Every structure is written in structure tokens, then in C-alpha cells.
1. So, in the range 122-139, exactly how many residues are more than 10 Å from residue 33 (Cα to Cα) and crowded, with 24+ Cβ neighbours inside 10 Å?
2. Enumerate the pairs (first residue in the range 193-210 and modelled with pLDDT under 80; second residue anywhere and surrounded by 15 or more Cβ atoms within 10 Å (Cβ to Cβ) and assigned to a loop (DSSP other than H, G, I, E, B)) with beta-carbon separation below 8 Å, excluding pairs fewer than 6 apart on the same chain, so at least 6 apart or on different chains.
3. Within the range 223-238, work out how many residues are crowded, with 16+ Cβ neighbours inside 10 Å and without any contact (Cβ under 8 Å) to a residue 40 or more places away in the chain.
4. Can we say residue 231 is closer than 29 Å to residue 135 by Cβ and touching a helix residue (DSSP H, G or I) at 6+ places or on another chain (Cβ under 6 Å)?
5. Please list, ordered by first then second residue, the pairs with beta carbon atoms under 6 Å, 6 or more apart or interchain, first in the range 64-89 and on the phi > 0 side of the Ramachandran plot and crowded, with 18+ Cβ neighbours inside 10 Å, second modelled with pLDDT under 85 and not in a helix (DSSP H, G or I).
6. So is residue 241 farther than 18 Å from residue 149 by Cα, at pLDDT below 90, surrounded by fewer than 22 Cβ atoms within 10 Å (Cβ to Cβ) and in contact with a helix residue (DSSP H, G or I) (Cβ under 7 Å, 6 or more places away or on another chain) or not?
């Protein structure tokens, strides 16, 4: 059995490698809405729009954690999944950006849409700070697109599908699909509102939507499959976590 703490030059060498890695410039495709894209007024407006949803989500997490001790660690697990899922970029050369899954539809049906917004905001902040994906000035707009639009649209279609009697996995597929497409529709709308020329709103919106379509249409289908598969996995391993997903609605 090994005891004690590893000593020697290991830690300084690791720090040097980290500093060198950060110092080397790399070309990054902007994932989410990139830093500096939005005018200051638009960035501030979307930040203010996102704040109530984040506060709502924090309150939901606090209340549900008090009622169910397993809820908070489950939220952390889902948050890790959202972060990883949304870090799978596919370059879109025409748009100068990246398409990617979002994971907020799955998060919404597992932990609720408002807590999913909190997870999206954390993932987006970490990606902006450490991965050059998105930006801090555009954080509010990205939270609205990926968190609010993605989570609530996915959750709404999930509840509707369940109330119509569709199977759980079909409802999960639709939630993943719609949350992905809603995120990119919202992102396109935010960009168009900020950047369109007078009288050219519809033209620019169509151009942005068309630019993302070749990647986002199949990605939405893939995310639907991913959501259904993840829910099936949880159902098989820990059914207690999804026992509240009944046709009458409601997350864990």
C-alpha cells in the first residue's frame, strides 16, 4: 500500500504544462453566441431576461432538495451531462460558428425546466471562461436560448406527449428534438434582432436558419435519440428517479 504524498517536481511541471497550453493560441469556432457579437444594450437586455429564470431555478433546487435528499446530487449528475453534451461542437463554416447538442430537454424532464436553466447557465459560464465557447457579455442571451427556450420547449412537448398517451420514450425523444431546434431558433432570432439591417429582418433570419439547418436538423434527431436512451437507462437502473414522470406531468 502506498502512503504519503507524492513529492518532487511533478506539481511545478504540471503547472508549466497548463500555462503553456493556455499560452498557445488556437483557432476556435465560436460555440453559442460569441463574445462581442451583440451590442452592449442587447447583451444587457438578454442578461436581465435570464436572471428571473435562474433565480426561479435556484429556488426550485433548494425547495426540492429539502423535500428529497437525493435530488441535489441527481441535479449535479444531470448538470455534468448537460456540460458534456453541449461541448460536442460541429463547425458550421458558413455561419462561422458551431452547431452542437444542448441537453436541456433531457435535463428538463429529469429535474424540471427551471433547474435546467440553472444548469445551462453554469455550463455556459464555464465554457465561456475556460473553453472560448460563447462569451461573458453574451451569457444572458445564451442562457435564454439554450436554457430557457431549450428547457421549457422540451418540457412542454414532453408533458403534451404524455397527456396524449404517447409512450415515455417517445415523449423523451420529442423533448430532446424540440429543445435542440428551439435553442437554435432562439439563437437565430437573437442574432437577427441585434444585427439585421433596416428592412432586412426576415432575410437575415432565413440566412442564419439555413446556415445551421444542415447540421442542426440531424443533431436534433440525434439529441432526441440521446434523450430517449438516457431516460431508458435511468428507468432500468434507478426507476425511483423518474417515478414522477406520469401522464399528468411533473418531473422528479
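The values are calculated or read from the model by the stated rules, or taken from the named source; none is laboratory data. Fair warning: this is a prediction, and the values are worked out from it, not measured in the lab. Virtual Cβ from ideal backbone geometry, glycine too; neighbours counted across all protein chains shown.
1. Number of matching residues: 2.
2. Once the first residue is modelled with pLDDT under 80 and sits in the range 193-210, its partners that are surrounded by 15 or more Cβ atoms within 10 Å (Cβ to Cβ) and assigned to a loop (DSSP other than H, G, I, E, B) give 195/37; 208/95.
3. Here is the first cut: in the range 223-238, the ones crowded, with 16+ Cβ neighbours inside 10 Å are 223-224, 226-228, 230-231, 234-235.
Filter once more, keeping what is without any contact (Cβ under 8 Å) to a residue 40 or more places away in the chain: none.
Total satisfying the criteria: 0.
4. no
5. Close Cβ pairs (under 6 Å, with a partner that is modelled with pLDDT under 85 and not in a helix (DSSP H, G or I)) do not exist here.
6. So residue 241 passes the test.
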